[in-house]
Structure formats: C-alpha cells, structure tokens
Amino acid sequence: MENVLVFCLLFLASLRSASTEDMLFEEGGSVTLNLRPAPSKPITVIEWKFNGITLAEWAKDVVELTYKRANTSLDITTGRLVVQKMTKTDQGEYSVEVNNRVQAEKYQVVFIKRVPKPSVLTQPLSCSTEDEQCSLTCDGDTTEAEPVTYSWKTGAGEWKASGRSMTITKAEHGQVETFTCKMKNPLEQKISLNQRRKKQTAKMDLQMEQKIPLHQRRKKQTAKLDLQMEQKIPLHQRRKKQTAKLDLQRE
C-alpha cells in the first residue's frame, strides 16, 4: 500500500513539474521555440518532436542535422527551433530531448485566425429610442479566432469590457442614439460601424404639430384636405378649372 502511495505522489509531482506553454500562430506566420531552461552544458545530441514524431535532429559526429519538414530550422548551439510559413497542419505539441534527456517543458502551438470586422445587430430590428428594452449583439464569424473578448461603447462614452450581447433600456440609455462594439483576440482588434437607433419620428412630428397655434393648424389641415379633394378630380377637369382661374386673374 505504501509503495502505491509513493508511486502516486511521484506521478503527480512529475505532472506538476512538466510545463506546457501555449503559443499562437496565424496562416503564414512563424514561432520560435526555445529550450526551457537553457542547457548548462554544450549540446551534443538534440531531437525536436512534433506530436511525438521526430521533426528535427542532430547528434555530434553521428547524425547530421536532419529535418522532416522544410519550414523548420534548428540552431544546434542554442537548441532553438524556428517554424516558418506555418499552416494549420503545424498545430500541435512540440517537445524536445537534449543530450539524451527528455525535457519536461513542452509547447502547445495553436492555429488562430484574425477577428472579422463586427457589426451590431439589434433585436427587435426596429429598435428605437422609445423602446423599453432592446438587445444588441456584436456579430461576426469567430470560428478559429478564439479567444475573443468584446467591448462596447455607448454614444461618445468610454469602451467597457462586456459580453458578446448587451441589453439596453429606455430608462438607462434613452438619450443614447449610437452603439459600437469591438472584437479583440491575441492577433488584433476590430471595431464595428456605429449602430444608430431609430427615432420615433411620428411621435416627434405630433409633438411639433401641437406647438403650432390652433388657427394655423386648422388652416394647414384645410389646405391639406383641399389638395386631397383636388387630386380626386379628373386631370382634364383640373386643367379646365386652372385655366378658368387664370382667366379670372387676368381680368
């Protein structure tokens, strides 16, 4: 029983001592993988592996510097491995053995895309300054672009980190007309165009109308009704009526 306990403790200790560093790359990019820690003695044998398969190796006076992929280069003095012109097939785990000793430190190299230019979607689509509540979404295809973070700006305010979606209310954002979102990942960030909310123009027109004196509103309504009635008269009769009116004015 004690032997089993000792074995388990040693196994857990070995897991804790191993260190895996995540590194991101984009299509056509490159990564530089250093020995961690740097070797205390001159390197005489080194072998880098990709997903457990030999990628580059060298042994002094025994094995010439050999590569399994053309986009790799190895510095036999420092042990540094450089992978260039990378594609998605270069994604995986990189490990190294130096002077016949497997290094606990590994690299997990992950492919990532740049974020798209986002757009702000509203729900409902007719979201206006008079709606009690609307939902905004920072929309864009983030497939293989993760991890992505989102920020929002209301009007001319400051950027605030938030989620992909945001709820706005009339009580809190009633006077705010524009909303902007930002997507960001380790490669770059992109900002949407301003999303402008619609105004309730019909209600505003009514409010403006009510400010006009009553006698002027009645005169305006009468003129509008006269125009509507005029448009119902056949064209030839309207022309005849207009001609008669001009003749009367000349007299």
Checklist entry - How do the pairs read when you match residues in the stretch 10-33 that are over 13 Å from residue 104 (Cα atoms) with residues anywhere that are at pLDDT 95 or above and of a type in the set (Phe, Trp, Tyr), using Cβ under 7 Å and keeping only pairs 6 or more apart or on different chains? => result 23/107; 25/111; 31/25; 33/94; 33/107
Checklist outcome for this item: Per the list (1) surrounded by fewer than 18 Cβ atoms within 10 Å (Cβ to Cβ); (2) assigned to a strand (DSSP E or B), residue check on residue 47 breaks on (1)
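Can you name every residue in the stretch 158-178 that is over 19 Å from residue 118 (Cα atoms) and either of a type in the set (Phe, Trp, Tyr) or surrounded by 11 or more Cβ atoms within 10 Å (Cβ to Cβ) (or both)? Even if it seems obvious, please write down each step before you answer.
Of all residues in the stretch 158-178, those over 19 Å from residue 118 (Cα atoms) come to 169-176.
Matches in the stretch 158-178: 169, 170, 172, 173, 174, 176.
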Checklist entry - How many of the residues in the stretch 88-139 are touching a residue at least 40 places away in the same chain (Cβ under 8 Å), over 30 Å from residue 40 (Cα atoms) and in contact with a Lys or Arg (Cβ under 6 Å, 6 or more places away or on another chain)? => result 7
Checklist entry - Which condition number in (1) among the polar types (S, T, N, Q); (2) farther than 20 Å from residue 112 by Cα; (3) surrounded by 16 or more Cβ atoms within 10 Å (Cβ to Cβ) is the one that residue 91 fails? => result (2)
Next on the checklist: Taking the condition of being in a loop (DSSP other than H, G, I, E, B), modelled with pLDDT of 95 or more and surrounded by 13 or more Cβ atoms within 10 Å (Cβ to Cβ), how many residues in the stretch 108-128 meet it?
Outcome noted: 6
Item to check | Residue list for the stretch 140-150, filter: part of a strand (DSSP E or B) and either surrounded by fewer than 17 Cβ atoms within 10 Å (Cβ to Cβ) or in contact (Cβ under 8 Å) with a residue 60 or more places away in the chain (or both) | outcome: 149
Checklist entry - Pairs, please: C-beta under 9 Å, at least 6 apart or cross-chain, first residue more than 17 Å from residue 135 (Cβ to Cβ) and part of a loop (DSSP other than H, G, I, E, B) and in the stretch 151-174, second among the polar types (S, T, N, Q) and at pLDDT below 95? => result 155/175; 155/178; 156/178
Next on the checklist: When you scan the stretch 64-84, do you find a residue that is within 21 Å of the chain's Cα centre (by Cα), over 18 Å from residue 45 (Cβ atoms), touching a residue at least 24 places away in the same chain (Cβ under 8 Å) and not in a strand (DSSP E or B), even just one?
Outcome noted: no
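The values are calculated or read from the model by the stated rules, or taken from the named source; none is laboratory data. Bear in mind that the values here come from a model prediction, so they are computed numbers and not experimental data. Backbone-built Cβ (ideal geometry, glycine too); neighbour counts: all protein chains shown.
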